[in-house]
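*Asks:* Below is a structure I'd like to ask you about.
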Amino acid sequence: METRAARRSRGLLAGLLVVLVATAGCFVGGVSDRQEGGEPAPRRSAAAPDASTTRADGTTSVEEFAQDVADAQAVAERYWAAQFRASGQQFRPVRRIVPYQRAGQVSCGGQPLPRNNAVYCSQGDFIAYDVTWSVAAFRQVGDAFVFYLLGHEYAHGIQVRLGIRYDFTIQQELQADCMAGAYLGDSVRAGTLTLGEGDLEEFREGLAAVGDDPDQPWFAEGSHGTAEQRTESFFRGYERSLAECDLG
Ligand SMILES: [Zn+2]
(Lines give C-alpha, C1' and ligand atoms only; values in the text may rest on other atoms or scores of the structure.)
Protein backbone atom coordinates (compact mmCIF):
# COMPACT_ATOMS: atom_id res chain seq x y z
CA MET A 1 0.00 0.00 0.00
CA GLU A 2 1.25 3.42 -0.84
CA THR A 3 1.55 6.18 1.64
CA ARG A 4 -0.38 9.30 1.00
CA ALA A 5 2.88 11.19 0.53
CA ALA A 6 3.95 8.80 -2.21
CA ARG A 7 0.55 9.05 -3.79
CA ARG A 8 0.59 12.80 -3.68
CA SER A 9 4.02 13.04 -5.23
CA ARG A 10 2.77 11.42 -8.41
CA GLY A 11 -0.81 12.50 -7.97
CA LEU A 12 -2.57 15.59 -9.13
CA LEU A 13 -0.48 17.95 -11.15
CA ALA A 14 2.48 15.78 -11.80
CA GLY A 15 4.59 17.63 -14.29
CA LEU A 16 2.74 20.89 -14.16
CA LEU A 17 4.90 23.95 -14.14
CA VAL A 18 3.26 26.15 -11.61
CA VAL A 19 3.35 29.85 -12.07
CA LEU A 20 2.79 31.76 -8.91
CA VAL A 21 0.83 34.79 -9.84
CA ALA A 22 1.78 37.92 -8.01
CA THR A 23 -1.25 39.33 -6.32
CA ALA A 24 -1.71 42.88 -7.38
CA GLY A 25 -4.42 45.44 -7.35
CA CYS A 26 -6.98 46.38 -4.82
CA PHE A 27 -10.64 45.66 -4.45
CA VAL A 28 -11.84 48.23 -6.88
CA GLY A 29 -14.73 48.34 -9.22
CA GLY A 30 -17.07 45.49 -9.81
CA VAL A 31 -18.11 43.76 -12.96
CA SER A 32 -21.46 43.05 -11.38
CA ASP A 33 -23.36 44.03 -8.31
CA ARG A 34 -24.07 40.48 -7.48
CA GLN A 35 -22.55 38.91 -4.45
CA GLU A 36 -22.23 35.19 -4.57
CA GLY A 37 -23.67 33.70 -1.44
CA GLY A 38 -20.73 31.53 -0.59
CA GLU A 39 -20.36 27.87 0.01
CA PRO A 40 -21.72 26.19 3.09
CA ALA A 41 -19.20 24.33 5.18
CA PRO A 42 -18.94 20.63 4.51
CA ARG A 43 -21.25 18.93 6.96
CA ARG A 44 -19.84 16.06 8.89
CA SER A 45 -21.39 12.93 7.50
CA ALA A 46 -20.53 9.41 6.57
CA ALA A 47 -19.03 10.85 3.41
CA ALA A 48 -16.88 13.36 5.26
CA PRO A 49 -14.89 11.42 7.80
CA ASP A 50 -14.13 13.27 10.98
CA ALA A 51 -10.69 13.68 12.43
CA SER A 52 -10.72 10.24 14.00
CA THR A 53 -11.32 8.49 10.70
CA THR A 54 -9.54 10.76 8.27
CA ARG A 55 -7.13 9.10 5.94
CA ALA A 56 -4.76 12.02 6.18
CA ASP A 57 -1.50 10.83 7.63
CA GLY A 58 0.01 14.09 8.77
CA THR A 59 1.66 14.84 5.47
CA THR A 60 -1.13 17.19 4.51
CA SER A 61 0.60 20.33 5.66
CA VAL A 62 -0.56 23.89 5.27
CA GLU A 63 2.32 24.35 2.81
CA GLU A 64 0.97 21.53 0.66
CA PHE A 65 -2.47 23.04 0.87
CA ALA A 66 -1.16 26.45 -0.25
CA GLN A 67 0.68 24.78 -3.11
CA ASP A 68 -2.48 22.96 -4.18
CA VAL A 69 -4.42 26.23 -4.16
CA ALA A 70 -1.74 27.87 -6.32
CA ASP A 71 -1.70 24.84 -8.64
CA ALA A 72 -5.49 24.80 -8.94
CA GLN A 73 -5.45 28.52 -9.74
CA ALA A 74 -2.80 28.01 -12.42
CA VAL A 75 -4.74 25.14 -14.00
CA ALA A 76 -7.99 27.12 -13.95
CA GLU A 77 -6.37 30.18 -15.52
CA ARG A 78 -4.78 28.10 -18.22
CA TYR A 79 -8.01 26.26 -18.89
CA TRP A 80 -10.27 29.30 -19.10
CA ALA A 81 -7.75 31.32 -21.07
CA ALA A 82 -7.78 28.54 -23.69
CA GLN A 83 -11.59 28.41 -23.75
CA PHE A 84 -11.89 32.15 -24.22
CA ARG A 85 -9.16 32.16 -26.87
CA ALA A 86 -10.97 29.41 -28.75
CA SER A 87 -14.10 31.54 -28.94
CA GLY A 88 -12.18 34.65 -29.89
CA GLN A 89 -12.70 36.45 -26.62
CA GLN A 90 -10.27 38.25 -24.40
CA PHE A 91 -9.67 36.52 -21.07
CA ARG A 92 -8.98 38.31 -17.84
CA PRO A 93 -7.99 36.02 -14.95
CA VAL A 94 -9.76 36.39 -11.61
CA ARG A 95 -7.85 39.20 -9.97
CA ARG A 96 -6.70 37.52 -6.80
CA ILE A 97 -7.17 34.70 -4.31
CA VAL A 98 -7.45 35.90 -0.72
CA PRO A 99 -7.09 33.59 2.30
CA TYR A 100 -8.55 34.83 5.58
CA GLN A 101 -8.65 33.61 9.15
CA ARG A 102 -11.14 35.76 10.97
CA ALA A 103 -14.76 36.73 10.37
CA GLY A 104 -14.85 40.18 8.86
CA GLN A 105 -11.16 40.19 7.93
CA VAL A 106 -12.23 40.39 4.29
CA SER A 107 -15.33 42.11 2.99
CA CYS A 108 -17.19 41.77 -0.27
CA GLY A 109 -19.19 44.75 -1.41
CA GLY A 110 -19.24 46.07 2.16
CA GLN A 111 -20.38 42.69 3.57
CA PRO A 112 -17.91 41.12 6.01
CA LEU A 113 -17.24 37.51 5.07
CA PRO A 114 -18.01 34.92 7.75
CA ARG A 115 -15.88 32.02 8.91
CA ASN A 116 -16.21 28.60 7.30
CA ASN A 117 -16.78 29.87 3.84
CA ALA A 118 -15.36 30.28 0.39
CA VAL A 119 -16.69 32.89 -1.97
CA TYR A 120 -16.23 34.55 -5.31
CA CYS A 121 -16.75 38.28 -4.86
CA SER A 122 -17.81 39.92 -8.10
CA GLN A 123 -17.40 43.45 -6.76
CA GLY A 124 -13.67 43.06 -6.38
CA ASP A 125 -13.25 40.10 -8.77
CA PHE A 126 -11.52 37.96 -6.17
CA ILE A 127 -11.93 34.59 -4.52
CA ALA A 128 -11.69 34.53 -0.73
CA TYR A 129 -11.65 31.51 1.55
CA ASP A 130 -11.41 30.78 5.25
CA VAL A 131 -8.02 29.10 5.36
CA THR A 132 -8.70 27.18 8.60
CA TRP A 133 -11.93 25.72 7.24
CA SER A 134 -10.38 24.95 3.86
CA VAL A 135 -7.35 23.24 5.36
CA ALA A 136 -9.66 21.15 7.56
CA ALA A 137 -11.65 20.09 4.49
CA PHE A 138 -8.39 19.37 2.65
CA ARG A 139 -7.30 17.12 5.50
CA GLN A 140 -10.68 15.39 5.78
CA VAL A 141 -11.42 14.86 2.12
CA GLY A 142 -8.07 15.16 0.38
CA ASP A 143 -6.20 17.32 -2.10
CA ALA A 144 -8.82 16.85 -4.82
CA PHE A 145 -11.24 18.91 -2.74
CA VAL A 146 -9.00 21.97 -3.09
CA PHE A 147 -9.07 21.65 -6.88
CA TYR A 148 -12.83 21.29 -6.83
CA LEU A 149 -13.40 24.22 -4.47
CA LEU A 150 -11.12 26.58 -6.35
CA GLY A 151 -12.65 25.44 -9.63
CA HIS A 152 -16.16 26.08 -8.38
CA GLU A 153 -15.37 29.61 -7.19
CA TYR A 154 -13.42 30.33 -10.35
CA ALA A 155 -16.46 29.25 -12.34
CA HIS A 156 -18.48 31.99 -10.65
CA GLY A 157 -15.92 34.47 -11.93
CA ILE A 158 -16.36 33.03 -15.43
CA GLN A 159 -20.16 33.29 -15.14
CA VAL A 160 -19.76 36.99 -14.41
CA ARG A 161 -17.42 37.41 -17.38
CA LEU A 162 -19.97 35.69 -19.62
CA GLY A 163 -22.87 37.69 -18.19
CA ILE A 164 -24.65 34.56 -16.95
CA ARG A 165 -27.12 35.24 -14.21
CA TYR A 166 -29.93 32.89 -13.27
CA ASP A 167 -33.05 33.61 -11.28
CA PHE A 168 -32.29 30.99 -8.63
CA THR A 169 -28.99 30.49 -6.86
CA ILE A 170 -29.28 26.73 -7.31
CA GLN A 171 -29.02 27.17 -11.09
CA GLN A 172 -25.94 29.35 -10.72
CA GLU A 173 -24.39 26.87 -8.28
CA LEU A 174 -25.07 23.67 -10.20
CA GLN A 175 -23.69 25.28 -13.33
CA ALA A 176 -20.54 26.25 -11.40
CA ASP A 177 -20.22 22.62 -10.29
CA CYS A 178 -20.53 21.48 -13.91
CA MET A 179 -17.89 24.03 -14.96
CA ALA A 180 -15.60 22.91 -12.14
CA GLY A 181 -16.04 19.35 -13.40
CA ALA A 182 -15.26 20.41 -16.96
CA TYR A 183 -12.08 22.29 -16.02
CA LEU A 184 -10.85 19.25 -14.11
CA GLY A 185 -11.95 16.57 -16.59
CA ASP A 186 -10.66 18.49 -19.60
CA SER A 187 -7.36 19.23 -17.83
CA VAL A 188 -6.95 15.53 -17.08
CA ARG A 189 -7.74 14.67 -20.70
CA ALA A 190 -5.24 17.30 -21.87
CA GLY A 191 -2.56 15.91 -19.57
CA THR A 192 -2.30 19.12 -17.56
CA LEU A 193 -3.52 17.26 -14.51
CA THR A 194 -2.84 13.72 -13.47
CA LEU A 195 -5.24 12.17 -11.03
CA GLY A 196 -3.84 10.16 -8.19
CA GLU A 197 -5.43 7.00 -6.95
CA GLY A 198 -8.52 7.90 -4.95
CA ASP A 199 -8.92 11.43 -6.33
CA LEU A 200 -12.21 10.63 -8.06
CA GLU A 201 -13.51 9.27 -4.80
CA GLU A 202 -12.35 12.46 -3.09
CA PHE A 203 -14.43 14.51 -5.51
CA ARG A 204 -17.44 12.38 -4.60
CA GLU A 205 -16.81 12.76 -0.90
CA GLY A 206 -16.30 16.50 -1.19
CA LEU A 207 -19.51 16.96 -3.18
CA ALA A 208 -21.45 14.82 -0.75
CA ALA A 209 -20.18 16.97 2.09
CA VAL A 210 -21.19 20.31 0.53
CA GLY A 211 -24.71 19.27 -0.50
CA ASP A 212 -27.67 21.15 0.90
CA ASP A 213 -29.76 19.71 3.66
CA PRO A 214 -32.46 17.62 1.90
CA ASP A 215 -35.14 19.67 3.70
CA GLN A 216 -33.95 22.93 2.17
CA PRO A 217 -36.28 24.15 -0.62
CA TRP A 218 -34.48 24.19 -3.96
CA PHE A 219 -35.73 27.72 -4.67
CA ALA A 220 -34.43 29.19 -1.41
CA GLU A 221 -31.90 31.98 -1.75
CA GLY A 222 -28.51 30.42 -1.23
CA SER A 223 -29.51 26.88 -2.23
CA HIS A 224 -26.67 25.04 -3.94
CA GLY A 225 -28.33 21.70 -4.60
CA THR A 226 -28.42 18.39 -2.80
CA ALA A 227 -25.38 16.15 -2.71
CA GLU A 228 -26.93 14.10 -5.53
CA GLN A 229 -27.58 17.14 -7.71
CA ARG A 230 -24.12 18.58 -7.13
CA THR A 231 -22.45 15.26 -7.82
CA GLU A 232 -24.48 14.79 -11.00
CA SER A 233 -23.63 18.28 -12.27
CA PHE A 234 -19.95 17.99 -11.45
CA PHE A 235 -19.51 14.62 -13.15
CA ARG A 236 -21.56 15.66 -16.17
CA GLY A 237 -18.98 18.38 -16.74
CA TYR A 238 -16.10 16.16 -15.71
CA GLU A 239 -16.98 13.33 -18.08
CA ARG A 240 -18.50 15.21 -20.99
CA SER A 241 -16.89 18.64 -20.89
CA LEU A 242 -18.12 22.20 -21.05
CA ALA A 243 -20.80 21.71 -23.71
CA GLU A 244 -22.84 20.00 -21.00
CA CYS A 245 -22.87 23.08 -18.77
CA ASP A 246 -25.32 25.24 -20.76
CA LEU A 247 -23.03 28.23 -21.11
CA GLY A 248 -25.03 29.39 -24.11
ZN1 LIG B 1 -20.94 28.75 -5.46
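The values are calculated or read from the model by the stated rules, or taken from the named source; none is laboratory data. Not measured: the values here are computed from a predicted model. All Cβ positions, even for glycine, are placed from backbone atoms using ideal geometry, and neighbour counts span all protein chains on display.
*Asks:* Going through the stretch 112-130 one residue at a time, which ones are outside any loop (DSSP other than H, G, I, E, B) and either modelled with pLDDT under 95 or within 15 Å of the ligand (Cβ to nearest atom) (or both)?
*Replies:* Of the residues in the stretch 112-130, the ones outside any loop (DSSP other than H, G, I, E, B) are 112, 118-121, 126-130.
Correct list: ALA118, VAL119, TYR120, CYS121, PHE126, ILE127, ALA128, TYR129, ASP130.
*Asks:* If GLU153 meets every condition in (1) closer than 25 Å to VAL131 by Cβ; (2) acidic (Asp, Glu); (3) touching a Ser or Thr at 6+ places or on another chain (Cβ under 7 Å) apart from one, which number is that one?
*Replies:* Going through (1) closer than 25 Å to VAL131 by Cβ; (2) acidic (Asp, Glu); (3) touching a Ser or Thr at 6+ places or on another chain (Cβ under 7 Å) one by one, GLU153 breaks only (3).
*Asks:* Looking at (1) within 23 Å of GLN67 (Cα to Cα); (2) within 17 Å of the chain's Cα centre (by Cα), can you tell me which one GLU232 breaks?
*Replies:* Status for GLU232: all satisfied but (1).
*Asks:* Please work out if GLY151 is among the small types (Gly, Ala, Ser), at pLDDT 95 or above and either within 14 Å of the ligand (Cβ to nearest atom) or out of contact with any Lys or Arg (no Cβ under 8 Å at 6 or more places or on another chain) (or both). Spell out the reasoning first.
*Replies:* Numbers: among the small types (Gly, Ala, Ser): yes; at pLDDT 95 or above: yes; either within 14 Å of the ligand (Cβ to nearest atom) or out of contact with any Lys or Arg (no Cβ under 8 Å at 6 or more places or on another chain) (or both): yes.
Criteria met by GLY151.
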